[in-house]
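Some notes on the structure that comes next.
The values are calculated or read from the model by the stated rules, or taken from the named source; none is laboratory data. All values derive from a computational prediction rather than experimental measurement. Positions of Cβ are generated from backbone atoms using ideal geometry, with glycine treated the same way; all protein chains shown enter the neighbour counts. With ligands, DNA and RNA removed, areas are computed over all heavy atoms of the protein, side chains included. Shrake-Rupley method; radii C 1.70, N 1.55, O 1.52, S 1.80 Å.
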Amino acid sequence: MKNKILYNCWLFLLLLCNNAFADVRLPAIIADNMVLQQKSTVALWGWADPGEAIEIKNSWDKKTIKIKADEKGGWQVKLKTVSAGGPYTIVIKGNNTITLNNVLLGEVWLCSGQSNMEFPLSKQQGWRTGVVNYETETAAAIYPNLRLFTVKQQTAGEPQKDVTGNWASCTPETAAKFSAVAYYFAKEIQAATGFPVGLIHSSWGGTPAESWTRKEVLERDNDLRPILDRYNKAVENYPDDLKNYEDQLEQWKKEANEIKSKGGTVKKEPAKPADPLKNSKSPTKLYNAMIHPLIPFALKGVIWYQGESNAGRAYQYQKLFPALINSWRKEWKNNFPFYFVQIAPHRGQNPEIREAQLLTYKKVSKTGMAVITDAGDSADIHPRNKEVVGKRLALWALAKDYGKKNIICSGPVYRSMRTEGNKIRIQFDFTNDGIVAKDGSLTEFTIAGADQHFVAAQATIEGNTIVVWSDEIKQPVAVRFGWKNVPKAELYNKAGLPASPFRTDDWPGETVGKN
């Protein structure tokens, strides 16, 4: 009994000592080689013992900040950063000391979305075929002041505290697997400004926008709540779905053995149902695991390439996409710019998803849309020309955030229409330098009367407007341009940027009611 008491006392003292000297810890995003947003107030945070005294000192102003961890062991400080430069060091001292080396002050952009954002610079496995001339592009990717951080793909049922990843300087080795769109975007920003750039890449192919959206955002909107209802139903049905799959698989194995014994062709094995609790396509799972842990790391802005997986519910996306943008801004407490790519022409992508993105640009402040109707591949959802995509995203940032006043950041965007007898005149934004028909004619316009029946239209450029008509339509009420899965890029401004597809009507489309 006496020995047991002594043992318990010893164990208690050991635990007490361990707790008294626990190490200060940092999230993965705060590490060597990182970029912090210049001329800003940035957050550093981590974990320690409850009440542990912590000192933070940086080498750009040599100020020391003293704080204590809260009752749960969490701590956070705000640092003022100066103009772009470095490298600097940051020393964080508690019961242990952490020195962060090779830290730069510059411009930090979060790069997110689905497979076309994930698409790497160099050729990898499967659909990751690399950009055009990827061997040459990758070999030239030597930019010491461009820093790359890729968030490991993970799912989670609840918001997490940390991600897996690390900061690295841009070299041919690190750039090869990195997002090509993000890489080209950063190259343009760095070339035009001279600033260091930090890219945080957090994307996952084949995922819908709701995967990247906080649960509460979906819960409080009647138009978005069906997404959660469908998910909850999938969770409820999963045990039965799995049992049915196992039965089908067993039956398939029996039939396959018989067919093989007779030299026949075996049909495809039944597909195992995805567990909705772990599925990257399930709502909120990627926000929880791959976005929430990054908050409140200071950002300049976000670039986004996604929408393909929501095309079948494009009408709902008109509300979902703005909700995602606004919720991220709210979580970061920062009304940062949010620039995104309009879905490229592809046989599987309907015009309504491009319209949803166009409407998001029009309705949500500090957004910009890169139109790439001239850089798609009707048979490949992953067009390889990612350089044009990154450059067009960069045009928005350079024009709106970096003071480059001589840059035109968009092609023609529909503004308004006016009926003139049997014709309709269309006005555009981003046409100060004029508009042109690339091949000399405009064939992508259609026109309709009140019966909503569209026919091919004639169109001619008059100044910075376009007049549209058809001899078949005596009293026109609506015009559409590029309103199909694979529109042709034929209308440009003189800056060489293509016009976004659009329609002047708001008649119900094919995806209304699909949620």
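For residues in the range 45-77 being of a type in the set (D, E, K, R) and in a strand (DSSP E or B), which is farthest from Gly94 (Cα to Cα)?
Here the residue is Lys57.
Show the residue pairs meeting these rules: Cβ distance below 8 Å; 6+ apart or different chains; first residue within the range 319-330 and touching a residue at least 60 places away in the same chain (Cβ under 8 Å); second residue small (Gly, Ala, Ser).
Cβ pairs passing all conditions: Leu320/Ala209; Phe321/Ala209; Phe321/Gly307; Phe321/Ala356; Leu324/Ala209.
Given the criterion over 29 Å from Asp401 (Cα atoms) and either surrounded by 14 or more Cβ atoms within 10 Å (Cβ to Cβ) or within 32 Å of the chain's Cα centre (by Cα) (or both), identify the matching residue among Ala314, Ala323. Can you show your working first?
Values: Ala323 fails: over 29 Å from Asp401 (Cα atoms).
Going through Ala314, Ala323 in turn, the sole match is Ala314.
Residues are listed down the side, and each one gets a yes or a no for (1) farther than 19 Å from Ile295 by Cα; (2) among the hydroxyl-bearing types (Ser, Thr, Tyr):
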residue	(1), (2)
Phe149	no, no
Lys161	no, no
Ser179	yes, yes
Ser202	no, yes
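Count, please, the residues in the range 408-435 that happen to be part of a loop (DSSP other than H, G, I, E, B), surrounded by fewer than 19 Cβ atoms within 10 Å (Cβ to Cβ) and modelled with pLDDT of 95 or more. Break it down stepwise before answering.
Filtering the range 408-435 for residues part of a loop (DSSP other than H, G, I, E, B) gives 408-412, 421-422, 430-434.
Of the ones still in play, those that are also surrounded by fewer than 19 Cβ atoms within 10 Å (Cβ to Cβ) are 408, 421-422, 432-434.
Now restrict to residues that are modelled with pLDDT of 95 or more: 408, 421-422.
So the answer is 3.
Do we have Asn237 as more than 22 Å from the chain's Cα centre (by Cα), surrounded by fewer than 16 Cβ atoms within 10 Å (Cβ to Cβ), of a type outside the set (A, V, I, L, M, F, W, C) and over 20 Å from Pro27 (Cβ atoms) here? Can you show your working first?
Working: more than 22 Å from the chain's Cα centre (by Cα): yes; surrounded by fewer than 16 Cβ atoms within 10 Å (Cβ to Cβ): yes; of a type outside the set (A, V, I, L, M, F, W, C): yes; over 20 Å from Pro27 (Cβ atoms): yes.
In short, yes.
Of everything in the range 471-491 that's of a type outside the set (Val, Ile, Thr) and over 22 Å from Pro351 (Cα atoms), which residue is least open to solvent (accessible area, probe 1.4 Å)?
Going residue by residue through the range 471-491, those that are of a type outside the set (Val, Ile, Thr) are 471-472, 474-476, 478, 480-485, 487-491.
Adding the requirement that they be over 22 Å from Pro351 (Cα atoms) leaves 471-472, 474-475.
Values: Asp471: 107, Glu472: 136, Lys474: 144, Gln475: 148 Å².
Selected residue: Asp471.
Can you pull out every residue in the range 359-370 that is under 15 Å from Pro412 (Cα atoms), among the aliphatic types (A, V, I, L, M) and open to solvent by 10 Å² or more (accessible area, probe 1.4 Å)? Before you say what the answer is, go through the steps one by one.
Pass one, the range 359-370, residues under 15 Å from Pro412 (Cα atoms): 359, 361-362, 368-370.
Pick out the ones that are also among the aliphatic types (A, V, I, L, M) and you get 359, 369-370.
Across the range 359-370, the qualifying residue is only Leu359.
For the condition of a type outside the set (Gly, Ala, Ser), touching a residue at least 40 places away in the same chain (Cβ under 8 Å) and either open to solvent by 10 Å² or more (accessible area, probe 1.4 Å) or in contact with a Lys or Arg (Cβ under 7 Å, 6 or more places away or on another chain) (or both), what is the one hit in Pro270, Pro293?
Details: Pro270 fails: touching a residue at least 40 places away in the same chain (Cβ under 8 Å).
Testing whether each residue is of a type outside the set (Gly, Ala, Ser), touching a residue at least 40 places away in the same chain (Cβ under 8 Å) and either open to solvent by 10 Å² or more (accessible area, probe 1.4 Å) or in contact with a Lys or Arg (Cβ under 7 Å, 6 or more places away or on another chain) (or both) leaves just Pro293.
Condition test on Asp23, is it over 26 Å from the mean Cα position of the chain (by Cα), more than 23 Å from Leu299 (Cα to Cα), modelled with pLDDT under 95 and of a type in the set (Asp, Glu)? Reasoning before the result, please.
Details: over 26 Å from the mean Cα position of the chain (by Cα): yes; more than 23 Å from Leu299 (Cα to Cα): yes; modelled with pLDDT under 95: yes; of a type in the set (Asp, Glu): yes.
Yes, satisfied.
How about the range 21-57: which of its residues are hydrophobic (A, V, I, L, M, F, W, C) and open to solvent by 10 Å² or more (accessible area, probe 1.4 Å)?
First pass over the range 21-57, keeping only residues hydrophobic (A, V, I, L, M, F, W, C): 21-22, 24, 26, 28-31, 34-36, 42-45, 47-48, 53-54, 56.
Phe21, Ala22, Leu26, Ala28, Ala31, Trp45, Trp47, Ala48, Ala53, listed by residue number.
Using beta carbons and a limit of 7 Å, which pairs, at least six apart or on different chains, have the first residue in the range 61-83 and basic (Lys, Arg) and the second one assigned to a loop (DSSP other than H, G, I, E, B) and surrounded by 12 or more Cβ atoms within 10 Å (Cβ to Cβ)?
From the range 61-83, the pairs are Lys68/Glu52; Lys72/Pro50.
Quick check on the range 160-174: of everything there that is of a type outside the set (A, V, I, L, M) and touching a Lys or Arg at 6+ places or on another chain (Cβ under 8 Å), which residue is surrounded by the most Cβ atoms within 10 Å (Cβ to Cβ)?
Here is the first cut: in the range 160-174, the residues of a type outside the set (A, V, I, L, M) are 160-162, 164-167, 169-174.
Still in the running and touching a Lys or Arg at 6+ places or on another chain (Cβ under 8 Å): 164-165, 167, 169-170.
On the way: Thr164: 13, Gly165: 21, Trp167: 24, Ser169: 16, Cys170: 22.
Within the range 160-174, the match that is surrounded by the most Cβ atoms within 10 Å (Cβ to Cβ) is Trp167.
Name every residue in the range 330-355 that is in a helix (DSSP H, G or I), closer than 22 Å to Arg480 by Cβ and charged (D, E, K, R), in order of residue number. Even if it seems obvious, please write down each step before you answer.
At the first step, the residues of the range 330-355 found to be in a helix (DSSP H, G or I) are 330-332, 351-355.
Restricting the remaining residues to those that are closer than 22 Å to Arg480 by Cβ gives 351-355.
Correct list: Glu352, Arg354, Glu355.
Among the residues of the range 93-124 satisfying the criterion of being of a type in the set (S, T, N, Q) and either assigned to a loop (DSSP other than H, G, I, E, B) or buried (at least 24 other Cβ atoms within 10 Å of the Cβ) (or both), which is nearest to the chain's Cα centre (by Cα)?
Ranking the qualifying residues of the range 93-124, first place goes to Ser112.
Rundown of residues vs (1) touching a His at 6+ places or on another chain (Cβ under 8 Å); (2) aromatic (Phe, Trp, Tyr), yes/no style:
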{"residue": "Leu105", "(1), (2)": "no, no"}
{"residue": "Asn116", "(1), (2)": "yes, no"}
{"residue": "Pro120", "(1), (2)": "no, no"}
{"residue": "Trp127", "(1), (2)": "yes, yes"}
{"residue": "Tyr134", "(1), (2)": "no, yes"}
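Against the definition (touching a residue at least 40 places away in the same chain (Cβ under 8 Å) and over 19 Å from Val388 (Cβ atoms)), how does Ile142 come out, yes or no?
In short, no.
In the list Lys93, Lys57, Lys63, Lys72, which residue meets the criterion of being at pLDDT below 95 and either within 20 Å of Pro293 (Cβ to Cβ) or not hydroxyl-bearing (Ser, Thr, Tyr) (or both)? If you could, list the steps in order and put the result at the bottom.
Values: Lys93 fails: at pLDDT below 95; Lys57 fails: at pLDDT below 95; Lys72 fails: at pLDDT below 95.
None of the others qualify; the one that does is Lys63.
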